[in-house]
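The values are calculated or read from the model by the stated rules, or taken from the named source; none is laboratory data. The structure presented is a predicted model; accordingly, all values stated were derived computationally and were not measured. A quick note on method: Cβ atoms are made from the backbone with ideal geometry, for glycine too, and the neighbour counts reach across all protein chains shown.
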Amino acid sequence: MDEKNQITEGVIWKQLLIFFFPIVIGTFFQQIYNTADSIVVGRFVGKEALAAVGGSVNQIVNLVVEVFVGLTSGASVIVAQFYGAKDKKNLNKTLHTSYAFGIVTGFVVAVVGLLVTNTVLELMKTPQELMADSRLYLHIYFCGMIFNIIYNMGASILRAVGDSRRPLYVLMVTCGLNIVLDILLVVIFRLGVMGVAIATVSCQGISSILVTAMLMKEHPLFQLKLREIRFYRVSLNSVLRIGIPAALEATMYTIANLIIQVFVNELGTDTVAAWGTFAKIDAVYWMVVNAFGISITTFVGQNYGAGKVKRMRKSVGICLGMSYAGAILVSGVLYALAGPLYRLFTTDENVVRIGVDMMHFLLPSYFMYVVIGILSGALRGAGRVLVPMLLTCGGVCLIRIVWMFGVFPGHPGINTIMLSYPVSWGITAVLFIIYYFRKFPKVKNVQE
């Protein structure tokens, strides 16, 4: 690796930014990738199709993806620590075990997803006029599930060894291809939601091939060899010990949002469309904060593996400051441009009005999440995952679920739903601050 890009060397803020920018730019392209689907569907198919892709479908897809992003974080933490310690043998065992895990789970999730799609959509009270398109999209999406999981696994491993640039190149290529396929299949061939789903799965397939090829290229410390992909028991246990709590955390997050989506679905198609579109627009904010979270996880993991504990702790404070600056800037821009941004997705003025009200209500409270994202990422990088998972599940997810069943029935409306977010973030942020200052200096290396 280029010396100036060493995560364990140099000026901390510079090295964090060197690692951060390819991630945030890559996430930006990922957002363009996802947003293009909604824009094409909303403009050329209709608001019902937009609501179908952005409502229940979006929450289900997020659930599946976030679970496996959580699991891949187990691989990335272990890989980062072995890479920082220059442990070639265990690094390669973890790499091949992670790929074996991704392949097997990809097939399992595809089969289960195809079988339960109808039931899940019905449980979420998906409006009847959205059922056909929602079901069609999910069936196609699950058929390509293995590509999604392999890409996320491969990209997380590349980032764990400090290579945040090549995953960016992959996203740039597939983002452009996805837009071309969206236009070709939806606008020209008029395949509607089916066209969007086919475009998405096709690009995921290409992404998985590209990151796999990158990992197969020889490196001084690691190289993926297809014939050596298998489960190594100790490596699998280490990956799952970190990955399962992270996956449970992601699952609870998304289940809470699925429950919220059920209540949103009761407020009508226009509100569903506005809510789904909001998720596309505010993803610009989340990509900044989450990119800092990924950066600090890798940064802490490699420095802890290298035994540089003081550098690791100092980096957390610097990362928090940079993350707050980015979060406030992005949320301010989104607040100011709420109307024009919504009109990119739809010409329906009622949907635009509802959506702008949503953004103006929620965006001022987004700064509260920064502490949660950065501190949980830092703790995960050092191998401390169980308590942060419990804090997130209880402080964020459980509070939202209790809120929806306890507060919403007496005060039905979209504002009641949205208020659950700042309430849960505020409580959880306080809990994370207390835990971090009490426990972070005492974390143990996951390899010890």
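Below is a table of values for the structure above.
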item	result
Segment 89-109: number of residues that are among the charged types (D, E, K, R) and in contact with a helix residue (DSSP H, G or I) (Cβ under 8 Å, 6 or more places away or on another chain)	1
Cβ-Cβ under 6 Å pairs, at least 6 apart or on other chains, segment 6-29 side without any contact (Cβ under 8 Å) to a residue 60 or more places away in the chain and assigned to a helix (DSSP H, G or I), far side surrounded by 15 or more Cβ atoms within 10 Å (Cβ to Cβ) and not basic (Lys, Arg)	18/5
Hey, residue 44 crowded, with 19+ Cβ neighbours inside 10 Å and of a type outside the set (S, T, N, Q) or not	no
Candidates 239, 272 - the one that is surrounded by 24 or more Cβ atoms within 10 Å (Cβ to Cβ), of a type outside the set (Asp, Glu), touching a Pro at 6+ places or on another chain (Cβ under 9 Å) and part of a helix (DSSP H, G or I)	272
Qualifying residue in segment 307-326 (condition: surrounded by 19 or more Cβ atoms within 10 Å (Cβ to Cβ), within 19 Å of residue 434 (Cα to Cα) and at pLDDT below 90)	yes
Helices (runs of 4 or more DSSP H) completely within segment 325-420 that count 1 or more residues being at negative phi and β-branched (Val, Ile, Thr)	349-362, 369-381, 386-392, 399-406
Filtered residue count, segment 315-356, keeping only those that are among the acidic types (Asp, Glu) and in contact (Cβ under 8 Å) with a residue 40 or more places away in the chain	1
Filter result for residue 115 (over 30 Å from residue 307 (Cα atoms), at pLDDT 90 or above and in a helix (DSSP H, G or I))	yes
